[in-house]
Every structure is written in structure tokens, then in C-alpha cells.
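To start, the structure under review is shown below, and the notes come after it.
The values are calculated or read from the model by the stated rules, or taken from the named source; none is laboratory data. All values reported here derive from a predicted model rather than from experimental measurement. Every residue, glycine among them, receives a Cβ derived from its backbone with ideal geometry; neighbour counts consider all protein chains shown.
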Amino acid sequence: MSAASNAATLRVAVDIGGTFTDLAAVDQRTGERWFAKASTTPDDPTRGIAACLEKLGRPGASFELFVHGTTLVINACLEKDGARTALITTRGFRDVLEIARGNRTESFNYLFSRHEPFVPRELRLETKERMGADGTPLHALDEQHLAAVLEEARKKGAESIAICFLHSYRNPAHEQRAAEIASKFSDWFVTASHELSREYREYERTSTVVLNAFVGPKVSRYVSRLESLLAGRGFRGRFFLMESNGGVADATTVKRLPVLLMESGPVGGIAGSVKLGERLDRGNLLTFDMGGTTAKAALIQNGVVSFDSLYYVGGFEHGYPLQTSVVDVVEVGAGGGSIAWIDELGALRVGPRSAGAHPGPAAYGLGNEQPTVTDANIQLGRLDPARFLGGEMKIDASCSTRALEKLGARLGYDARTMAAGIVQLANITMSGALRRVSIERGKDPRDFTLVAYGGNGPLHAAELAEELGIGAILVPGMPAHFSASGMLLADARYDASQTWTSDLPEAGDRVEGLTEALEVLKKGLAQSVTASLGPQQALRFEDYAEMRYRGQDQTVKVRLSSDLSPAALKRAFDETYLERYGHISPIPVQIVSLRASCQAPLGAKLDVAENASARRPARTTTRQVYSAKAGAFLSYAVHDREALAPGVALEGPCLIDDHATTTNVPEGWSARLEEGGLLELRRD
């Protein structure tokens, strides 16, 4: 090992949000930490990364590990900004994308219309082949005909090729050969459905591979550009990207399967929350991440994150299905930069449109004259203009006042009344996200602790907790950078699934073939880990089964234990079904699909705790802050978090200023800085 390699002790993570780009770094030898923040640069996100690296001030040669989370994939899909894609499919199935499920997701909306497919009909091309439902070839792939189809795609300007053949989840041989031919035909991006999903449902598989092909070229170019940026700074360490499943994947995998990054942005904080829960022995957590553009909520139960095996890009009603493992995140358009506006009926609305990084809230003074949630918080005294981003960013409170007065004049309200209404509406929207991941999933939020982070999360968390009856809130150290910090704690994670149908026997001590099928999945995962990371010793596996009552279409995901007897499986299914739907049935149960995940640590375990000793002299001031409970301005004590000593209890109402955020402690709540740098709020 070279001397340069020996000097590489830093783990660095960068998270790109809609408004800010955040960096967190830790020296795994000394435990020293660094944080940086810069405005996001949507035209070229690597500029925001470069700005953070400049603030870090350490050479790339000192980086042992670099982890990156990005919203590039989800934004490309929502904005339809991707490659011109051609779909090659089995003859007779070109319109699967348009027919979809044939359902009407908004039954009573007479203006309802289906979304436009990512691939226009002229580029949905058929070839001659047919695989049977049991995986037996019925008609061989006609390679001569396929060549003619590919030539047609090239003439029509295709930049990317998606291949999805009928029943390829059973036997991918035809897809594999077609992908091999297509890759040699031109230099376009080629992807086949079996690489992403080995489960049935033709529409969902087709949509998944089309999404991967659509974003493939853009993501590949971006990752290569980022690799060049890092290499130019002397980086020779390991490079990973945050996946939607809460783990990380190497750059080679991401370039081939970029759709795995669909929810890359929000999951870093969730991964960090899992590790935080492990340290505190708190398995039930609700995560709340409020940034500049959106707010995100997720649920962790018994230390396990809730996952969706079928995710809809853009929402179920008008979205596009993605048949891969995605953390169950609910995201709403309510962030610090969310714009307040008046709709056609004269009602005040907040979001989902955001002022973003440029021009940003009105207080930035960069030309935006529409008030945002941040402007409302400034007007209410909840944010101190002089300490915004620790004083690094100068903002003008008078610009916030003018924007609020201008909007308020249309409704007959002054600036302060408008600000209070904007905050209240934003809170209603965000509490809805927390309800969707808890109450609507059959979970009681009162049984969970809320973990609040992001640039605005701690400022709104207590009000949301009161709405849901939650009695405890955890605010980690440097909460505005917690998503980036969480990436440093994430493991590499690989998922596999397979359609595997079997009725659950009513007697006996085993389900025929179940153990063997799971072992095949796990063996394949272990091989994938070894290929990407080299030989590993501490692999951790999780097994799941998608199960349902016979005759049902939809399934519930059941976590499997070491006991795979029919009786144990039935008990686990009943418990899951009862929690979700409130009843169980005597109808026979079926297994439909099997899932397995494999997690591998990326190195020595990092401690989520920080040195909690006071880092500067105590400084407490007071200012007038609007209290939603009192409906009036009250005198709030304002504390400096970096000056707090562990164990000191602070009674509300008060504010606790951090480098890039503020924690609101309302009346009836108290706060205490714990050992390890964690701030805990409790309701009296």
C-alpha cells in the first residue's frame, strides 16, 4: 500500500438537495468531523459539490471513501428530461405501457387523464420471440428480425434501448441475447428488464426497464463527470452512491442500473436514523426531514425501515411504477422555499412550487417577490436573519415583510397574520406526510419517537408532534447536514427477488422448496457483494415473502424468521395483515414472491455520537417570537446549541440556534442536550 493510501483516512459524503448541497466528513482515525454547505447549482450539480469541497479544504488524496446522494434521477423523470428511448418487446405487447392496469385511479374525477408514456408509440417496437409462463421457450428469438427492429430504432433517433420480453422473469435467455446484439449494434445505452426485476406483472416490469433506459445516459454522464472532478483533486479511494433501498452501490452498478437511485436523496437521513436508534436502543422511530424544497417522512419499526416493493414515480394516481426495493418515503412539497400563493377560489395555498436555491426566498434579495415558508418564519421571529447559516449568508428581513404584505393585501391581512397562516398550512401538509407513513399503514404514531433533521425540520417538529400525539423528539447534532452524515453510516446493500408461488400447506413442518429458493437468492447476493467489494466476512441477510389470501391480487410483505414452517408463516402473515387492515380471514394463504437483501459494512463502524461538551461560552438572549398556542408574540429565550453543556434542561418556550437551523421548543415542552451531542425534546 502506498503512502498516499495510508494517508487516506477521511470518509466524505455529499447530499444534493433542491436548495442546498451539504457535505459531511469524518476522520475515521481521530473522529474529527467537518461540515460544509453551498447553494445547489441545478444547471450543473457538480459545481455545488466543488464549492463544498473547497470549503472542506482537504485534498482528495486524503479521502478513503466518498458517498453521494442525488435527486438527479427523480428530477429527470418528473421533468421528462431524459434520453429518447425505444422499447423492444414481444410481438403483440407494444401497448402495455399505454394500457397499463386498465384502471381509473381517480374514480370520481371527470377530468382524469392518463399520463403520457415515456416511450411514444412510434418507438415501441416488437420482435419475434416467445417464452412460456413456465420459462420454456415457445418461439426462438428471431435475430434477423431483431436486427431490422434495431435499425428502425436507430433511424428514429433512439438514444437508449429498453428490452422487456414476456415471461423473461422466469427465463431471461431471450432478453440476454437481445441485449448482447443491441449493445454491439450501436453505442446507445441498453438495459433489459431481468437485470432489474425477476417478478411477474408485465406492465410494472416494462415501466421499470423503460425508466432505467430513460435516465441511463444522463446519469452515466453525470457520474463520470463527478468521477473526473474527484480524480482531478487526487481522489483514489472508493466511490459509492446512495440507493433508494437505504444502502449504497458502487459507481459501476449505478451506471448500469441508475433507476436504483430514484429516491437517493432522502434516504441518507433515514440510514442515519437507524444507526441512531441502534445506539439509543430505540427501535420505533418516525423520521422527519424538512429541507428547502420538500419535507419527507419515513417509518422505522423495531430497527427496520419500511420498504415498498412497488413504488410510483410521481404518485400512485398519475405516476409510473418502479418494481424495485425503495424505502417507504412520503414526500410533500412543503419546504423552507415553498411559495405561498392564492388559488383561483381565493384561498391561501403553500407549495408545492419552490423558490429553490435561485432566486430563493424573498429574504435572499435576489428578485423573488413571493413569500415562502422561510420568509414567514423570519417574520414570526422564529429565524434570526443575522444568524442565517451561522451568519455566512446575509438575508434581508424587510424583503420578507414586503412580500408578505403584498400577498396579504389581496386577502386583507397584515404581514404577521399571513406569516402565521403560511406556517400553519405548511404544518398541516407535513403532518399529513407523517400520518401517511404511520396511521395509514396501521401504526400508532404515539408509539414512536420523532427524529427531526434538515434545515427546517427542528423548527417545525414540535408542532407536528403535538398534532400526532408524539411525546419525544430527537434532534441529532448538525441536523441540517444529517442526510449527508447518514450516508457515512450506511452499509452496502444488495436486493434480489423472484416470483415464487406456492399455497401455504395447512399441515406439515415445511413448505416444499422454500428454503432452497431463499438460499439461491442469498447465494447470488453474496456473489454480487464479492464482485463489487471483494471478499466480505460480516454479511447480514434479511428474508421476506410477498403473501396474500387466495383470490386476492395485492400482497403484503412479511418478514421471515428462521422458522419457515407453515404455522410460523401463517402467524407472521396474520400479524402483518391484521396490523395493516384490522382483520384476518380463514381463506387459504399463498406465497407469491420471495425477497432477500444482503448488507455489508464498508469498513470500521463509525460512532453516530459527537463530543457534546460546550464548544464556546454560554450565550442566551431573548426575542419576540410568535407562539401558535398563544396566538400572540411572546418573549422567547434563545440559546446557542454549541454553548450548551450536556444534562442542562431548558424549559419552553425557547429557541435553540444551531449552525444552519433552529430548534423550536414551544410551551409545554422541554429540551435537554444528551451525551453524544443529541438534543432531546419531551412534552410535559
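Where in the range 308-360 are there strands (runs of 3 or more DSSP E), lying wholly inside it, with at least 1 residues that are within 30 Å of E204 (Cα to Cα)? Even if it seems obvious, please write down each step before you answer.
Details: elements: 311-313, 320-322, 330-332, 338-342, 348-354.
The strands (runs of 3 or more DSSP E) meeting that bar are 311-313, 320-322, 330-332, 348-354.
Against the condition modelled with pLDDT of 95 or more, touching an Asp or Glu at 6+ places or on another chain (Cβ under 8 Å), under 26 Å from T324 (Cα atoms) and not aliphatic (A, V, I, L, M), how does R124 come out, does it pass?
Here the answer is yes, as R124 does meet what is asked.
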Exercise for the section: Output yes when any residue across the range 499-522 is closer than 21 Å to A249 by Cα and either touching a Leu at 6+ places or on another chain (Cβ under 9 Å) or not in a loop (DSSP other than H, G, I, E, B) (or both), and no when none is. Expected result: yes
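Okay, residues lined up against (1) outside the structural domain of E516 (by TED's automatic domain parsing); (2) assigned to a loop (DSSP other than H, G, I, E, B); (3) in contact with a Cys (Cβ under 6 Å, 6 or more places away or on another chain); (4) at pLDDT 95 or above:
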residue	(1), (2), (3), (4)
S562	no, yes, no, no
K570	no, no, no, yes
F573	no, no, no, yes
T576	no, no, no, no
R580	no, no, no, no
I591	no, no, no, yes
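If you check L53, L87, L97, which single one turns out to be part of a helix (DSSP H, G or I) and modelled with pLDDT of 95 or more? Step through it out loud before you land on a result.
On the way: L87 fails: part of a helix (DSSP H, G or I); L97 fails: modelled with pLDDT of 95 or more.
Exactly one of L53, L87, L97 is part of a helix (DSSP H, G or I) and modelled with pLDDT of 95 or more, namely L53.
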Handout entry: Within the range 104-147, considering residues that are over 20 Å from L78 (Cα atoms) and of a type in the set (V, I, T), the one surrounded by the most Cβ atoms within 10 Å (Cβ to Cβ)
Key = T127
Handout entry: Close pairs (7 angstrom Cβ cut-off, 6 or more residues apart or separate chains): touching a residue at least 12 places away in the same chain (Cβ under 8 Å) and surrounded by 11 or more Cβ atoms within 10 Å (Cβ to Cβ) in the range 496-517, among the charged types (D, E, K, R) and assigned to a strand (DSSP E or B) anywhere
Key = S497/R595
Practice task
Give the residues of the range 27-41 that are within 13 Å of V12 (Cβ to Cβ), touching an Asp or Glu at 6+ places or on another chain (Cβ under 9 Å) and not hydrophobic (A, V, I, L, M, F, W, C), sorted by residue number.
Solution key: Q28, R33
Problem - Residue satisfying condition, being among the small types (G, A, S), without any contact (Cβ under 8 Å) to a residue 60 or more places away in the chain and over 23 Å from T372 (Cβ atoms), within set A36, A50 - result: A36
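In the list S273, S306, which residue meets the criterion of being buried (at least 24 other Cβ atoms within 10 Å of the Cβ) and either free of Cβ contacts under 8 Å to residues at least 24 places away in the same chain or in contact with a strand residue (DSSP E or B) (Cβ under 6 Å, 6 or more places away or on another chain) (or both)?
Exactly one of S273, S306 is buried (at least 24 other Cβ atoms within 10 Å of the Cβ) and either free of Cβ contacts under 8 Å to residues at least 24 places away in the same chain or in contact with a strand residue (DSSP E or B) (Cβ under 6 Å, 6 or more places away or on another chain) (or both), namely S273.
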Problem - Selection within the range 100-138 - assigned to a loop (DSSP other than H, G, I, E, B) and of a type in the set (D, E, K, R) - result: R101, R104, E106, R114, E116, K128, E129, D134
Handout entry: Yes/no for A567 being over 27 Å from the mean Cα position of the chain (by Cα) and within 22 Å of D447 (Cβ to Cβ)
Key = no
Fill in the blank from the handout: Reported set for the range 567-582 where residues are under 17 Å from S306 (Cβ atoms), in contact with a strand residue (DSSP E or B) (Cβ under 9 Å, 6 or more places away or on another chain) and aliphatic (A, V, I, L, M) is A572
Exercise for the section: Go through (1) part of a loop (DSSP other than H, G, I, E, B); (2) in contact with an Asp or Glu (Cβ under 7 Å, 6 or more places away or on another chain) and name the single condition R382 misses. Expected result: (2)
Handout entry: Residues of the range 243-267 that turn out to be within 15 Å of the chain's Cα centre (by Cα) and over 19 Å from G534 (Cα atoms), as a count
Key = 14
Handout entry: Selection count where residues are under 14 Å from D134 (Cα atoms) and of a type outside the set (D, E), scope the range 175-212
Key = 2
Exercise for the section: Scan the range 1-12 and report the pairs whose first residue is assigned by TED's automatic domain parsing to the domain that holds A24 and part of a loop (DSSP other than H, G, I, E, B) and whose second residue is at pLDDT below 90 and surrounded by 13 or more Cβ atoms within 10 Å (Cβ to Cβ), with Cβ atoms within less than 8 Å and a gap of 6+ or a chain change. Expected result: T9/Q28
Problem - Residues within the range 220-250 that are aliphatic (A, V, I, L, M) and either assigned to a strand (DSSP E or B) or surrounded by fewer than 18 Cβ atoms within 10 Å (Cβ to Cβ) (or both), tallied - result: 6
Fill in the blank from the handout: Taking first residues from the range 171-182 that are assigned to a helix (DSSP H, G or I) and second residues anywhere that are charged (D, E, K, R), the pairs with Cβ under 7 Å that are 6 or more apart or on different chains are H174/E129; I181/E143
Handout entry: Sole residue being surrounded by 21 or more Cβ atoms within 10 Å (Cβ to Cβ), touching a residue at least 12 places away in the same chain (Cβ under 8 Å), under 20 Å from W500 (Cα atoms) and not hydroxyl-bearing (S, T, Y), chosen from L166, L150
Key = L166
Problem - Total residues in the range 348-379, condition touching a residue at least 40 places away in the same chain (Cβ under 8 Å), under 22 Å from A38 (Cα atoms) and in contact with an Asp or Glu (Cβ under 6 Å, 6 or more places away or on another chain) - result: 1
Completion exercise
Within the range 169-180, of all residues that are of a type in the set (A, V, I, L, M) and closer than 20 Å to Q323 by Cβ, the one surrounded by the most Cβ atoms within 10 Å (Cβ to Cβ) is A178
Exercise for the section: Report, by residue number, each residue of the range 540-559 that is touching a residue at least 12 places away in the same chain (Cβ under 8 Å) and either in contact with a Lys or Arg (Cβ under 9 Å, 6 or more places away or on another chain) or not assigned by TED's automatic domain parsing to the domain that holds E506 (or both). Expected result: F541, E542, D543, Y544, A545, E546, M547, T555, V556, K557
